[in-house]
Amino acid sequence: MNPPSIIFHIDMDSFFSSVEVRENPALRGRPVIVGSDPKGGEGRGVVSTCSYEAREYGIHSAMPISKAYRLCPDAVFLPVNMQLYHQVSKNIMEILKSCVSAFQQVSVDEAYMDVTGIVSDYEKAEKLARKIKNHIKSAEGITCSIGIAPNKIVAKIASDYEKPNGLTVVRPDSLCDFLYPLDVSKIPGVGTKTRMTLENMGIKTIGDIGKCDIQLLIAKFGKSGIRLKQIANGTYSSELLRHRLVKSISKEVTFEEDVADINVVKKTLAMLSEQVHARLLRKGFVFKTVNLKVRFSDFTTYTRSVTLSAYSNDKMSIYRTALRMFSKFEGMGIFRLVGIGVSNLVKMDERQKRLDDFFDAEQFKGMANCSFPAHKE
Ligand SMILES: [Mg+2]
């Protein structure tokens, strides 16, 4: 069985207004409202973001700017400076991207990261999250909240849990403890309409959904009812969309005829290492994990991975690591296919330096040469 996933959801705190306060520290502690011109209460636009001080007046995003003006005429009203926010966003996303290969930006101030291969457990994940928070604070001068959980949706609920400047960890064994007491509206996508329908069914908390008869939920919501129940029990997981990044580079060969000769296989592995390495250099990445795939003549297939103690772009370390993994399969049968891949990729540029700042050596203690159990495909 694979170890449980470790997913981060990172969300900047009142992003636009935080950036404005950073630009003009005199605004700190004051209600700051970023949005359209209030025109002395006659403005027709809406609030884009507001500081936590403004929220105390009951002001929130998407509220008519005229209403915000009535609630707090003394607030600092600022126009939206999208160019500036995009620049800050870009800087922050670069910081996040540099430490993982699986990364998904979902808006200007929000992203998911899969750190499953980067840290070995939730305790280390929490330490990593603190470092990321500190790094963003010192580099960009603003705070964020991070939720850590085994899947995206719980990570998102968790990042919202202790805002601002929050860090909430939901371990795989405490999913229901965390989710069950929460109001159903905490589930992303559950709006007023769904909330009302649920309330009419006597359902108020996420726990009520978790314990509700699945047939009742299906009768009301169709397929979404199944998803709702899975979310409530913490078992719904969706893939990170990683199209922005190369996740791994691999090459494999199916032999014309099945091969028993170990030397032939080893030569093939050397050739594959060469090809993978060439592509790695072309794309400008360094790797940390080497993967081997072996298929026998009866189609049983194994994959193995070894994570190195440091990032590398060395051809020989791809080949040697693959060979070492391959030695375990010698004599086990006749080979139909072999493949080599590298993963855990990061760009080979100044990000490497940032990366070293992030992950102190301690974080990786015990991770060097760890081998995951082979699993059949
Ligand atoms: Mg935000």
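Solvent-accessible area of residue 11, all protein chains in place: 30 Å² (probe radius 1.4 Å, heavy atoms, ligands and nucleic acids excluded). Using a probe of 1.4 Å on the protein chains alone, the accessible area found for residue 329 is around 0 Å².
You can think of it this way: the chain between residue 313 and residue 60 has 86.2 nm of extra reach, that is 0.36 nm per residue less the Cα-Cα gap.
Putting +1 on Lys and Arg Cβ atoms and -1 on Asp and Glu Cβ atoms, find which of 325, 112, 265 reaches farthest to the positive end of the dipole of the chain. Towards the positive end, the residue furthest out is 265.
Result for the chain in a Gaussian network model with C-alpha springs under 10 Å: among 71, 128, 167, the largest mean-square fluctuation is at 71.
What is the magnitude of the charge dipole of the stretch 1-112 about its Cα centre, with +1 placed on the Cβ of each Lys and Arg, -1 on the Cβ of each Asp and Glu, and no other charges, expressed in debye to the nearest 20? It would help to have the intermediate numbers written out before the result.
Details: 10 positive and 12 negative charges, 31 e Å.
Charge dipole, the stretch 1-112, about its Cα centre: 140 debye, nearest 20.
Residues whose amide H comes within less than 5 Å of that of residue 143, counting only those at least five positions distant or on another chain, are 13 (H built at 1.01 Å from N in the peptide plane). Using the Stokes-Einstein relation with a Kirkwood hydrodynamic radius computed over Cα pairs, the translational diffusion coefficient of the stretch 16-82 at 4 °C and a viscosity of 1.567 mPa s comes to 115 µm²/s. Here's the list of lysines a cross-link from residue 39 could span, going by alpha-carbon distance under 22 Å and ignoring same-chain residues fewer than 8 apart: 67.
Mean-square fluctuations from a GNM of the chain, with a 10 angstrom spring cutoff on Cα atoms, peak among 89, 250, 138 at 138.
Using C-alpha pairs below 8 Å separated by at least 6 residues, the relative contact order for the chain is 15 percent.
Exceedance of the 25 Å cut-off in Cα-Cα distance is limited, within the set 127/328; 97/133; 90/163; 90/251; 97/223, to 127/328; 90/251; 97/223. Accessible area of residue 185 (1.4 Å probe, protein heavy atoms only, ligands and nucleic acids ignored): about 50 Å². For 328, 315, the ranking by accessible surface with the largest value first comes to 328, 315, using a 1.4 Å probe. Largest accessible area first, the listed residues 332, 12 line up as 332, 12 when surface is computed with a 1.4 Å probe on the assembled protein chains.
Measuring max minus min along each principal axis, the C-alpha atoms of the chain give extents of 83, 53, 34 Å (largest first).
Cα to Cα, under 15 Å, and not fewer than 8 places away if on the same chain: which aspartates and glutamates meet these conditions relative to residue 186? Answer for residue 186, where 15 Å is the Cα cut-off: 160, 162, 177, 199, 208, listed by chain and number.
The largest accessible area among 171, 282 belongs to the first residue in 282, 171, and the rest follow in falling order (1.4 Å probe, all chains).
Of all complete DSSP H helices in the chain, those with a Cα span along the helix axis of 15 Å or greater and a mean Kyte-Doolittle hydropathy of -0.5 or more are 82-97, 262-283, 315-326.
The values are calculated or read from the model by the stated rules, or taken from the named source; none is laboratory data. Just so you know, these numbers come straight off a predicted model, no measurement behind them. Every residue, glycine as well, gets a Cβ built from its backbone with ideal geometry; the counts of neighbours run over all protein chains shown. What goes into the accessible areas is simple: the full protein's heavy atoms, side chains included, and nothing from ligands, DNA or RNA. Shrake-Rupley method; radii C 1.70, N 1.55, O 1.52, S 1.80 Å.
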